[in-house]
1. Leaving ligands, DNA and RNA out of it, rank PHE44, PHE55 by accessible area with a 1.4 Å probe, largest first.
2. Sum up the charges of everything whose Cβ sits under 13 Å from the Cβ of TRP191, counting Lys and Arg as +1 and Asp and Glu as -1, but leave TRP191 out.
3. Carbon and sulfur: what percent of the stretch 1-96's accessible surface (1.4 Å probe)?
4. If a/c stays under 1.5 just call it rounded; otherwise compare a/b with b/c (prolate if a/b is bigger, oblate if not). Do that for the stretch 64-116, with a ≥ b ≥ c from the square roots of the Cα gyration tensor eigenvalues.
5. Rank these residues by their accessible area, most exposed first, probe 1.4 Å: HIS131, HIS114, HIS64, HIS163.
6. Taking amide H positions as placed 1.01 Å from N in the peptide plane, with prolines and chain starts having none, which residues 5 or more places from SER153, or on another chain, fall under 5 Å of its amide H?
7. Which sequence of GLU35, GLU205 reflects their accessible areas, 1.4 Å probe, from the largest down?
8. Sorted by packing (mean other beta-carbon atoms within 10 Å per residue), highest first, where do 94-102, 154-162 land?
Amino acid sequence: MSKARLEDTDVHWYRKLPGQDMEWVLTHRAGGRSELGWGFTGKFQSYRDTSNSSFILTVTDVVHSDSAVYYCRVWGNIDGNSTQLIVTNPADDPVLVQYPPVSKVPEGVTVQLHCALYNASVNVTDVHWYHQQPGNKSQWVLSHFVNDSVSRSGGISDRFQSHRNGVSNSYILTISNTSISDTAVYNCSVWNYIYGGGTQLNVTEMSRAPSYLAWIIVAVVLGVLAVTGGIFLIRRRAFRNHPSHPPTATDHRSPGADYENVSMTRGVPVSRGHQGVDSNNTYMALQRPTQSIYGHLQADNKPPSTS
């Protein structure tokens, strides 16, 4: 109340049940005495809060029959705007299940946060989204009403969109082009007091390391291919410049070494400093193979003996 003193003013509380007339609940006199209406018990109490210039009606141990629209009245004809009290059975209250519980994404992507509704229909229920950023209090983000209108908090852009999915009976909050500042715990709410378990959204900075690593790998691969190709070309050129049967190490050995190998093959003993008992025959055979072959040819071409 404004423009009057609470201590000098009587306050009257009334309520209106659905389909019934207004009924008087109690009166709180300026002197502090309270009078209860007929049929009302002490669970209805009235107080004054002078620091806030307010009248307060407290209802304890509420039951379903306490659901009504409550009014305060002063001076016999001045009413407040009223408060609607809805008392529900906790077993019948809507249940909100949010998923995923945690979502970690890089900045710049689009993310969807789901809020499934049980014991109520999304088609007839308003949804409210809140977020709590690290170190801050929970703040309202947007509300999606039954008529499909959306109201956003100041500073919240249209990157934040709310949708209803009647098939899965869920609300969906879509955040496009995510940024680091979007990191927060997001909660959906209905009936102004029922909340989901929340989704922790972590938006990480886009790392440049993978692209650098990719370029390094490409450079290494190209370097290996270049070295391998160079070695291949060098060997190919060397192969073309040599005979088809390249010389072996034995081609550069001395005749004495050849003699020793042949002598060993024939079982002729060889000692250092001389060439064995048939050194002359073997050495001559190695030195003048043409003469030996010619001698054989001459022998083969001799005319047959007439004797």
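The values are calculated or read from the model by the stated rules, or taken from the named source; none is laboratory data. Everything numeric here is computed off the predicted structure, so don't read it as measured data. Glycine gets a Cβ as well: all are built from the backbone with ideal geometry, and neighbour counts include every protein chain shown. When the accessible area is computed, the model is the full protein with side chains, heavy atoms only, and any ligands, DNA or RNA have been set aside. Shrake-Rupley method; radii C 1.70, N 1.55, O 1.52, S 1.80 Å.
1. PHE55, PHE44
2. Result for the neighbourhood of TRP191: -3.
3. Whole-percent figure for carbon plus sulfur exposure: 51.
4. oblate
5. Heavy-atom accessible area, descending, gives HIS64, HIS163, HIS114, HIS131.
6. Sorted by chain and number, the residues that satisfy this are LEU142.
7. The ranking, largest first, comes out as GLU205, GLU35.
8. 94-102, 154-162
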